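Some notes on the structure that comes next.
The values are calculated or read from the model by the stated rules, or taken from the named source; none is laboratory data. What you are looking at is a predicted structure, and each value in this text was computed from that prediction instead of being measured. Note that we place each Cβ from the backbone using ideal geometry, even for glycine, and neighbour counts take in every protein chain shown. Ligands, DNA and RNA are stripped out before the accessible areas are found, and what is left, the full protein with its side chains, is counted by its heavy atoms. Shrake-Rupley method; radii C 1.70, N 1.55, O 1.52, S 1.80 Å.
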Amino acid sequence: MNLEGYTLQLILREIENGSLSPEDVNEFYYKRSVELNSVLNAYITLLEPRSRAEGDLKGIAIAIKDNISTKGIRTTCASKMLENYVPPYDATAVSSLKKHGGSVLGKTNMDEFAMGSSGENSAFGPTRNPLNKEYVTGGSSSGSAAAVAADMAPIALGSDTGGSVRAPASFTGIVGFKPSYGAISRYGLIAYANSLEVIGILGKSVEDVKILFKMIAGKDPMDSTSINVDLKEKNISKPNILVIKSFVELSSEEVKKEFYNSIGKLESAGFGISYVDKFSLTDYMLSSYYTIACAEASTNLSRYDGIRYGPKVESASNWRDYISKARSFFGPEVKARIMMGTFILSAGYYETYYLRALQLRKMIKQEFEKIISGYDAVYVPTMPVLPWKIGKAIEDPKIAYAADVLTVLPNLTGSPAISIPVGKVREFFVGGQFIGLRAEDMKVLKVAAIAENVLQVKKNGRN
Amino acid sequence: MEEIKVGLEVHVQLVTLKTKLFCSCSSDYRGKPPNTNICPVCTGLPGSMPTLNKKAVEEALKVALMLNAQPYETSYFFRKTYFYPDLPKNFQITQYDKAGGYPLAHDGYLKLSNGKTVRIERIHLEEDPGRIYYEGSRATARYSLIDYNRSGIALIEIVTAPDMSSPEEARDFVERLTTILSDVGINVKDYEGSLRVDVNVSYAGGERVEVKNVTGAASVEKAIIYEMFRQKTMYEKGIKVVRETRAWDEKRRITIASRGKEFEAEYRYMPEPDLPPVTITESLIKKVKEEIGGSQEDRYRELINDGINEELAKKISSDKNLFNVYEKIKFYEPSLKQLAANVLANEISYLIKRYSIKTLPEDVSGLAEILQNYRIIPDHESVVAYLKKWIDGEKVKISFKTVSAENIQNDIMQIISENYEKIRNLEYNKKFEFLMGILIKKFGKENKKVLVEELTKVLNKIK
């Protein structure tokens, strides 16, 4: 049996009508994962199928990013620091999946502690792009994206702090959904930047991510920042979308061409297209984002001191020596962000950097709410460039900048955003993202579903 | 003697709460095996998130109102970062009054016995850390053990202005505060280590020295006396007192330098992104005020108005339990109030202390029975025994075969004549003893008082 190209929707339907059994499905993904993982490095931990067929998900196993806590299954954050950490509890999103009859297929590779945009910053080695294994997958949910794109999982959970679901979805030609801030409980998601991040979903179609989203969304008493978003289907047939030109102009020629091409197709299909020249605070988005993210990260990551979990420090002369040694297990990118955050929060700099970053975030949110009013969604490219060769970003910091500039806006505003393939260049895809107002998740999902249907970029997919 | 200035930071555990400040672990951690009263939240496991115990806000608000402080409508939790093994996240969630933060309440005061007013700058909520155990002494221990059972217990911190100018005043402050706390049910005396004080002392306008972790009013006084003389000696020798943190050694009754200046705290405060702001509404204040009832001053005034002397009034008003019983008796039988005041301030206070009694019975009819028959209860021990019975909730019924003085004189005369031969040559004392023996046998011990009086009269008459 070959399930290549199968969507979750199709699998569930075929199980329903008896032409597929959940055991066969899990067996297929497990075997294929074992086979491909040595090349793609999508999984850090892979589990043998053992679920029972029950619930809406019929026992189907799902890939989970390795920063989402899974009871009894090691959860490493792709870090030496948590190499052998086995959480005693499930993240709320995982227990919701289990309640719906889902199970854990494996824990996917990622940039260490979700810090990175390429999937290269992993203590377990870089994830390789299934479209071309010399190229990056994008990050930080690199393994989740690679697993879905390579048919090593029917669907996957990731997390999105500044684009970590949408970027790898775009680079691997799949759908990546970052819900509104708080729409899915963060309880059990190992924190990088609490006020920006949310658990997201990577799948083969908009319908697929919607199926899973409805199962795990909702207010959780364990997460005070969680909210109930409206899960009713939205009735839109001719969406009105707004394109921010300056965002498109930041992109490479190839991306720009494909993106404008997609606008043309959408317009012919009845989309209302409007343009705004500039998002005036564009230049402040990344600095505000990094200031807040690093500050939060530096305190979140304080807890890794080698006492309760983490690698043992063999000898230390005193407590300070012990924690310095324990904390040397962090990788270089994580260390850099901890140091930046520590500096930002130091006396005298807090007001200069952190408080101003918070003020900027507020202003960015206000500007976004102003420009989107009257439209169903904002439409911009997800990544301004195509995937680059593994190792190249480390040489060229401009690439790292480009990797984040278009994706951080929804994290700063708490908006839902979904990236779908909207064009194709050689073996790669160009991703476009639809961004909406916070809590209007079903609206962006609807707009994206219509666009997906119009553009038909991945004709080989089986729905 | 030069002037000293003393300011206090008092940490009080909210022992009336059922659960910890940010998780559902029990707040009753004392006496449990190490690390059994814990969960992912209070051990700071990766991915766990705090959720606020709303009851803690109410309890803290009660204390704030009793201390005449003004609650802020909105206050915030902050992360205070410092690395210490008993702090599982390596940051403490607390409230902060700078960087755009507000504590729970501000600007209160407490009046000392000498009429002086001590200003209270702020009151805020925070979490208690775990505890470190050393095998033997800290200096020689081969290893240290950490118990997180206490981690996350709700604390309030009460910060005073440096308004106290003697060790006695500081002691008085802590004692008065203890009474106020017991008024709202926080009986710190019943929970070891539930009230801990950081004492700030400066001598002759010099630098302030902070003595950390002093437990109880008496030790606060001792620590200040020690510090006063230490600083005085330095002052007289011309040595500059440096701003530093010292620890109180309860056994040796001295303060010891604990943290050098090089570790001058850099706490890198930042808002806790996982917790929403705390809001205190007018209706919550109203509700809490109703629950509190009156203050010690109100109770004292009522007792004085009832004609109870100052000494008794002071004693009864200092304990809400005693006062409640007094009020009930007054309602039950107003003529008993003076006697009730006496018994409450003496015998019942004694029993409460002796047996560590936490609450007195709601039903005062047993006590009324004792008071109504007080005159005929033969001795003090019997009074105490009856009171103990009442406190233990046993039924109290006092029924003596009481004898009237006239009848008894005839009986005494008869006994004397029956035994005339035996007693006529005895000395007065021996004669008295012999006759009392017979009388007690006949009328019972409970009539001892009357018997002694009447026998004396008869013997004096016939002498």
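From the list B:GLU169, B:GLU236, B:GLU207, B:GLU244, the one residue that fits, being at pLDDT 95 or above and open to solvent by 10 Å² or more (accessible area, probe 1.4 Å), is B:GLU169. I'd like the residue in region B:130-139 that is away from chain A (no Cβ under 13 Å) and part of a loop (DSSP other than H, G, I, E, B) and, out of all such residues, is nearest to B:ALA170 (Cα to Cα). Here the residue is B:SER137. Only a single criterion out of (1) more than 10 Å from every other protein chain (Cβ to nearest Cβ); (2) in contact with a helix residue (DSSP H, G or I) (Cβ under 8 Å, 6 or more places away or on another chain); (3) modelled with pLDDT of 95 or more is not satisfied by B:ALA60, namely (2). Residues in region B:82-95 that are part of a strand (DSSP E or B) and modelled with pLDDT of 95 or more were compared, and the one that is surrounded by the most Cβ atoms within 10 Å (Cβ to Cβ) is B:PHE91.
Only one entry in A:ALA123, A:ALA78 is part of a loop (DSSP other than H, G, I, E, B), at pLDDT 95 or above and within 14 Å of chain B (Cβ to nearest Cβ), namely A:ALA78.
Which is out of contact with any Pro (no Cβ under 8 Å at 6 or more places or on another chain), open to solvent by 30 Å² or more (accessible area, probe 1.4 Å), at pLDDT below 95 and not assigned by TED's automatic domain parsing to the domain that holds A:GLY176, of A:GLU267, A:GLU249? Sole residue among the options that is out of contact with any Pro (no Cβ under 8 Å at 6 or more places or on another chain), open to solvent by 30 Å² or more (accessible area, probe 1.4 Å), at pLDDT below 95 and not assigned by TED's automatic domain parsing to the domain that holds A:GLY176: A:GLU249. Could you tell me whether A:PHE113 is open to solvent by less than 10 Å² (accessible area, probe 1.4 Å) and of a type in the set (Phe, Trp, Tyr)? Considered against the rule, which asks whether it is open to solvent by less than 10 Å² (accessible area, probe 1.4 Å) and of a type in the set (Phe, Trp, Tyr), A:PHE113 comes out as yes.
Condition check: in contact with a Ser or Thr (Cβ under 6 Å, 6 or more places away or on another chain) and hydrophobic (A, V, I, L, M, F, W, C). Does B:CYS42 satisfy that? Explain how you work it out, then say what you get.
Values: in contact with a Ser or Thr (Cβ under 6 Å, 6 or more places away or on another chain): yes; hydrophobic (A, V, I, L, M, F, W, C): yes.
The answer is yes for B:CYS42.
Here is the figure for region B:408-437: residues that are surrounded by 13 or more Cβ atoms within 10 Å (Cβ to Cβ), more than 25 Å from B:ASN373 (Cα to Cα) and not basic (Lys, Arg) total 9. Taking (1) open to solvent by 20 Å² or more (accessible area, probe 1.4 Å); (2) assigned to a loop (DSSP other than H, G, I, E, B) in turn, A:PHE330 satisfies each apart from (1). Name the single residue that is surrounded by the fewest Cβ atoms within 10 Å (Cβ to Cβ) among those in region A:286-321 being of a type in the set (Ser, Thr, Tyr) and within 9 Å of another protein chain (Cβ to nearest Cβ). Per the criteria, the residue is A:TYR309. Consider B:ILE120 carefully, then state whether it is outside any loop (DSSP other than H, G, I, E, B), more than 14 Å from chain A (Cβ to nearest Cβ) and either among the acidic types (Asp, Glu) or in contact with a strand residue (DSSP E or B) (Cβ under 8 Å, 6 or more places away or on another chain) (or both). Spelling it out, B:ILE120 is indeed outside any loop (DSSP other than H, G, I, E, B), more than 14 Å from chain A (Cβ to nearest Cβ) and either among the acidic types (Asp, Glu) or in contact with a strand residue (DSSP E or B) (Cβ under 8 Å, 6 or more places away or on another chain) (or both).
Of all residues in region B:269-284, those being surrounded by 15 or more Cβ atoms within 10 Å (Cβ to Cβ) and in a helix (DSSP H, G or I) number 1.
May I ask you to verify whether B:LEU65 is open to solvent by 30 Å² or more (accessible area, probe 1.4 Å), over 20 Å from A:TYR304 (Cα atoms) and facing another protein chain (nearest Cβ under 8 Å)? No. Does A:THR282 satisfy being within 14 Å of chain B (Cβ to nearest Cβ) and of a type in the set (Ser, Thr, Tyr)? For A:THR282, the condition - within 14 Å of chain B (Cβ to nearest Cβ) and of a type in the set (Ser, Thr, Tyr) - is not met. Taking the listed residues A:SER159, A:SER164, A:SER226, A:SER195, the one that is within 13 Å of the chain's Cα centre (by Cα), within 14 Å of chain B (Cβ to nearest Cβ) and either in a loop (DSSP other than H, G, I, E, B) or under 26 Å from A:LYS58 (Cβ atoms) (or both) is A:SER159, with no other qualifying. A:GLU254 falls short of the stated requirement of being assigned to a loop (DSSP other than H, G, I, E, B) and out of contact with any helix residue (DSSP H, G or I) (no Cβ under 7 Å at 6 or more places or on another chain).
Scanning region A:229-251 for residues that are assigned to a helix (DSSP H, G or I) and in contact (Cβ under 8 Å) with a residue 40 or more places away in the chain gives A:PHE247, A:VAL248. Filtered by the rule that a residue be within 21 Å of B:TRP390 (Cα to Cα), without any contact (Cβ under 8 Å) to a residue 60 or more places away in the chain and among the charged types (D, E, K, R), region B:301-349 gives B:LYS315, B:GLU327, B:LYS328, B:LYS330, B:GLU333, B:LYS337, B:GLU347. If you go through region A:161-187 and keep only what is touching a Lys or Arg at 6+ places or on another chain (Cβ under 9 Å) and either open to solvent by 10 Å² or more (accessible area, probe 1.4 Å) or within 27 Å of A:PRO88 (Cβ to Cβ) (or both), you end up with A:SER164, A:VAL165, A:TYR181, A:GLY182, A:ALA183, A:SER185. Restricting attention to region A:27-61, and to residues there that are β-branched (Val, Ile, Thr) and surrounded by fewer than 24 Cβ atoms within 10 Å (Cβ to Cβ), which single residue is farthest from A:LEU157 (Cα to Cα)? For region A:27-61, the residue satisfying everything is A:VAL39. Got at least one residue in region A:300-315 being assigned to a helix (DSSP H, G or I), closer than 26 Å to B:LYS80 by Cα and more than 21 Å from the chain's Cα centre (by Cα)? Scanning region A:300-315 turns up at least one residue that is assigned to a helix (DSSP H, G or I), closer than 26 Å to B:LYS80 by Cα and more than 21 Å from the chain's Cα centre (by Cα). Filtering region A:339-396 to residues that are assigned to a loop (DSSP other than H, G, I, E, B), away from every other protein chain (no Cβ under 14 Å) and surrounded by fewer than 23 Cβ atoms within 10 Å (Cβ to Cβ) leaves A:SER373, A:GLY374, A:TYR375, A:VAL385, A:LEU386, A:TRP388, A:ILE390, A:GLY391, A:ASP396. Within region B:16-33, track down each residue that is more than 14 Å from B:LEU125 (Cβ to Cβ) and either without any contact (Cβ under 8 Å) to a residue 24 or more places away in the chain or open to solvent by less than 30 Å² (accessible area, probe 1.4 Å) (or both). Passing the criteria: B:CYS23, B:SER24, B:CYS25, B:SER26, B:ASP28, B:TYR29, B:GLY31, B:PRO33.
Going through (1) assigned to a strand (DSSP E or B); (2) open to solvent by 10 Å² or more (accessible area, probe 1.4 Å); (3) within 13 Å of another protein chain (Cβ to nearest Cβ) one by one, A:TYR89 falls short only on (1). Condition first: closer than 17 Å to B:LEU275 by Cα and within 10 Å of chain A (Cβ to nearest Cβ). Now tell me which residues in region B:79-113 satisfy that. Within region B:79-113, B:ARG79, B:LYS80, B:THR81, B:LYS89, B:PHE91, B:ALA99, B:GLY100 qualify. Scoring B:GLY47 on the criteria (1) within 14 Å of another protein chain (Cβ to nearest Cβ); (2) more than 30 Å from A:GLY306 (Cβ to Cβ); (3) part of a loop (DSSP other than H, G, I, E, B) leaves a single failure, condition (2).
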